[in-house]
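Take a look at the structure below.
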């Protein structure tokens, strides 16, 4: 008999990782245009723990809707389709960025998503790992190609290059023909070299202002003083894209005062971008690095690891 109850992670109030609880719920039914997934992997992203703490714009979206199931990144197998769905069928292996920013729902054994949010998982990517890809990959893609308009002859500096967004950004920029300068800890140097970074700076020892000048693009995944100092390395027509929202306004103001260009950004679901990314993975031009996999029941421990930062690649929950 088919299971009618699933497990999912919720929090009933904002707080530290201890507010995450493993609860039972009915398996959701897909509405028109939706599909139900048996979730394989659920990616973890910094927005997850910040929202859990009540910080940022997503927390404002959900504060009156608690309890809430986090998770914007999923991969899995379609188990049911709603009315009007023609692009997906039961049994399809899919991944996507779902329910952003107010619905979430990825930290679960089953999830409902709009069929328009999902793409087929490349055969080259195992299904659990695929859950770690969408949000980070879309952030890197949209920052580089929409916000910064990265060109093949550009020189780009990527901060926190070994992290979830950063290690994908290095590969996207390299595949596009750009010259890539990456910052990371010394221990991640070989890792970034294997991804195609042309130059690697140790953020503990090297100063980008001393080592870089005339840059076309800076992708700032750190924020704060790092973002502000990086403005000094921009060329006259260069642009800095800063992703952390807390310090974005200060960095943009500093850029304006210097007659330079800087933009903040918020990622959005976009299947056309995700399909292009999937093609790069299929062609072997990009690989996803998963640093650790946690069982769904260990979501609190996964969040603690996530909050430590300085990780290599992505973390993912195994929801199977």
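A short reminder: the numbers here are calculations on the coordinates, not readings from a lab. Note that the coordinates shown come from a computational prediction; the quantities given were computed from them, not determined experimentally.
Let me test this: with uniform point scatterers at the alpha carbons of the chain, what is the Debye-based log₁₀ I(q)/I(0) at q = 0.09 1/Å?
For the chain, the Cα-only Debye profile gives -0.45.
Which angle between 0 and 90 degrees, to the nearest 10, do you get for helix 271-282 versus the longest principal axis of the chain when only C-alpha atoms count?
The helix 271-282 is inclined about 80 degrees to the chain.
Give me the angle, in degrees from 0 to 90, between the Cα long axis of helix 248-257 and the longest principal axis of the Cα atoms of the chain, rounded to the nearest 10.
20
I'd like the antiparallel share, as a percent to the nearest 5, of DSSP beta bridges with both residues in the chain.
Bridges in the chain that DSSP calls antiparallel: roughly 55 percent.
Per residue of the chain, what 222 nm ellipticity follows from adding -39500 (n - 2.57) for every DSSP H run with n ≥ 4, rounded to the nearest 500?
-7500 deg cm²/dmol
Can you tell me the convex hull volume per residue for the range 136-264, based on C-alpha atoms, in Å³ to the nearest whole number?
87
When only alpha-carbon atoms are used, what values of Rg and Dmax, in angstrom, describe the range 145-218?
11.2, 32
Two-decimal Rg/Rh of the range 80-143 from alpha-carbon positions, Kirkwood Rh?
0.95
If the elastic network links every pair of Cα atoms under 10 Å, which of 261, 155, 205 fluctuates the most in the Gaussian network model of the chain?
The residue that fluctuates most here is 205.
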